[in-house]
1. How many percent of all Cα-Cα pairs in the stretch A:5-361 sit more than 31 Å apart?
2. Using the charge dipole of the stretch A:5-361 (Lys, Arg: +1 at Cβ; Asp, Glu: -1 at Cβ; taken about the Cα centre), state which of A:Gly140, A:Ile36, A:Ile154 has its Cα farthest towards the positive end.
3. For B:92-98, what's the mean count of beta carbons from other chains sitting within 10 Å of each residue's beta carbon?
4. Connecting C-alpha atoms closer than 10 Å in a GNM of chain A, tell me which of A:Thr261, A:Thr214, A:Thr282 has the biggest fluctuation.
5. Rank B:Ile328, B:Ile99, B:Ile204 by mean-square fluctuation in a GNM of chain B with C-alpha springs under 10 angstrom and give only the top-ranked residue.
6. Can you give me the Cα centroid spacing of the stretch A:71-95 and the stretch A:176-197 in angstrom?
7. What list do you get for A:Leu50, A:Leu13, B:Leu220 if you sort them by fewest beta carbons within 10 Å?
8. Each residue of the stretch B:162-176 in turn: what ³J(HN,Hα) in whole Hz from Karplus with 6.51, -1.76, 1.60 and θ = phi - 60°, glycine and Pro shown as x?
Number of protein chains: 2
Amino acid sequence: MPQTDNVLTEQELFIAGVARELAVFLDSKRDVLTAISPDTLVLLDSVRTLVTGGKRLRALMCYWGWRGAGGKADSSEIVSAGVALELFQAAALIHDDIIDGSDIRRGGPSVHRRFSLLHTTNRWSLDAERFGHAAAILTGDLCLSFSEEVLASIGRPTAAGTRARKVFDLMRTEVMAGQYLDILEEVSGPARPVETAVQRAQDIIRYKSAKYSTEHPLVLGGALAGADEELLAGYSAFALPLGEAFQLRDDLLGVFGDPATTGKPAGDDLREGKRTVLVGLTLAAAGEREARFVDERLGCQELGDAEIERIRAIIVESGALAEAETLIEAYSAKSFAALDSLDVPDEAAASLRALATAAVRRKS
Amino acid sequence: MPQTDNVLTEQELFIAGVARELAVFLDSKRDVLTAISPDTLVLLDSVRTLVTGGKRLRALMCYWGWRGAGGKADSSEIVSAGVALELFQAAALIHDDIIDGSDIRRGGPSVHRRFSLLHTTNRWSLDAERFGHAAAILTGDLCLSFSEEVLASIGRPTAAGTRARKVFDLMRTEVMAGQYLDILEEVSGPARPVETAVQRAQDIIRYKSAKYSTEHPLVLGGALAGADEELLAGYSAFALPLGEAFQLRDDLLGVFGDPATTGKPAGDDLREGKRTVLVGLTLAAAGEREARFVDERLGCQELGDAEIERIRAIIVESGALAEAETLIEAYSAKSFAALDSLDVPDEAAASLRALATAAVRRKS
């Protein structure tokens, strides 16, 4: 079912509401930080820059979860939930970029890089990179606290509110544990059995990304609207495979994506040493010599363009890329089938379908 | 007024309650993390180790703030608030140790160091130190989220609950902004006017430590018990100068403390480049040659024992140490005077007096 103009307008109104509340919230923090010291306002600017862009995928999943469960279109509660999710995502990105050593985010400097540039520009003492990391750790902590503050402001002491709180708490634990599994696999992967590499990578994306990008936001919205457990289970059945397809697409873009649209350098994931499902499939399918080359070169900070090109060729020629596309198709099919059985109003179903299609077909 | 045995027992009961709820909470997270992957349990062990020790200063301030405002002795709410504060403190320490490059905490390896040792022991690939930092960033994030989860579980949707929430939110923002000012001063201090160094250092300790170690916990406890604004203002008048004295004492211990009691290497703060009030006083009071030596050597990672000894001698001979002790006395006097005017039950006043005395006289 195609989206009608009405629905687009409603979604746009929600997104505008999220942007407005984000701005109001951050402005209120401007006063708090100014009282401490104007020197600290740069922390806020870093957060503001990050939350200004982005696809708002999580906020939108949350919104349609709410609407699908009977929540009203013009409600401040769901806007606050969207803001909390966007702030959480920003916090995760700030720390993720330190962890991955990513100097670029959405085409501009990442937060730790902004701070090290500030250090260099001002000719400050001691080490610029160290200062950048330290300042970005604190900015991420601040942003994580902001996220929580906004969620708590919803303040529904009802059973539905408690269910939503549980979703939010579980989401945070799973993301952080999943990210740990991700860095653990980077360092311990080469010593672990290659036969289980794909399974391990699938576990990682489930926790660090899939549940958190789609399932938890959708269920959070539903829970806030008081959805029953049956509907929430249906939401999970739709959104979890969608999130897995979403992250697999992300992995492909991290290796083959166009820097002009992804806003990240070409082959960045290879330099970071991400041991994705795509890498697992490659190690299993490639010849021994090729597999060893990939295994050894992953995560080398000084990986050159020619080596990135060779790894890409191995991924394609081993058939791993095609296998990954097949997996994305399979996850998508499972997700869309579950969507068809969801008992939600037509406009919510149509909007979720549009979001899902964009998530698995995206180029950035 | 001396503490009676009754009061000691009540305080011990509270501390035992906090330890018990911490254990129960972390056990509940053990199940969540095991479901994700047993590999992630090491995150929890790191948190557990940190929250097992410590002086529980913040939890105790919170408790007596609660009791002073008429809260009941055997209440689960105040135990939860204490647990939330202890978890927040653990999260702050984990990230602080990364930022300061502190490999030792309470005589054992700090969290990032634990993870880099895990990497080395297992002979994993890539860089052990980088893995350690990344894993500790995530552990701190997890711990920060745990802290919030416990606070939210108190769930009082009353005016008193809202006031407590505001205190908690402000505390987090101030700590993170204050820590930023701290690292900013490390790198920008040498280029800023020496005449304002003491003032800048005082601003830093107010936000990164004083308010958060004593004032906010005490006010949080009072707010949870429904204290009126007059009592909360009295709490602040007592606890803020106390916190400032507490942190000044901390700064002195960071330079002159006995490693056997502080659990940190001798002169660690000098190697980290902390520009404390003590350092500001020294730069102002020492001769030009001595001041330049201190200014240039602060923050050098390879600062040797002889250099640390020379800096200590300059601090003593310039009279800065004596000035710092005088400041501690002045803050303490202000704090105890405010305590005398507090309208709280005798046992709360006596317990706050004992806590305050320990905080400014401590050796570790």
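1. Value for the stretch A:5-361 (Cα pairs over 31 Å): 37 percent.
2. A:Ile36
3. Whole-number average of other-chain Cβ neighbours for B:92-98 is 2.
4. Checking each option, the largest mean-square fluctuation is seen for A:Thr261.
5. Judging by the Gaussian network model, the answer is B:Ile99.
6. Spelled out, the Cα-based centre of one part sits 30 Å from the other.
7. A:Leu13, A:Leu50, B:Leu220
8. After applying 6.51 cos²θ - 1.76 cosθ + 1.60, I find 5, 4, 5, 4, 5, 4, 5, 5, 5, 4, 4, 4, 5, 4, 5 Hz.
Read-outs: derived from the displayed coordinates by stated rules, not from any lab. As the structure is a prediction and not an experimental result, all values here were calculated from the model. Neighbour counts run over all protein chains shown; Cβ positions are idealised from the backbone, glycine included.
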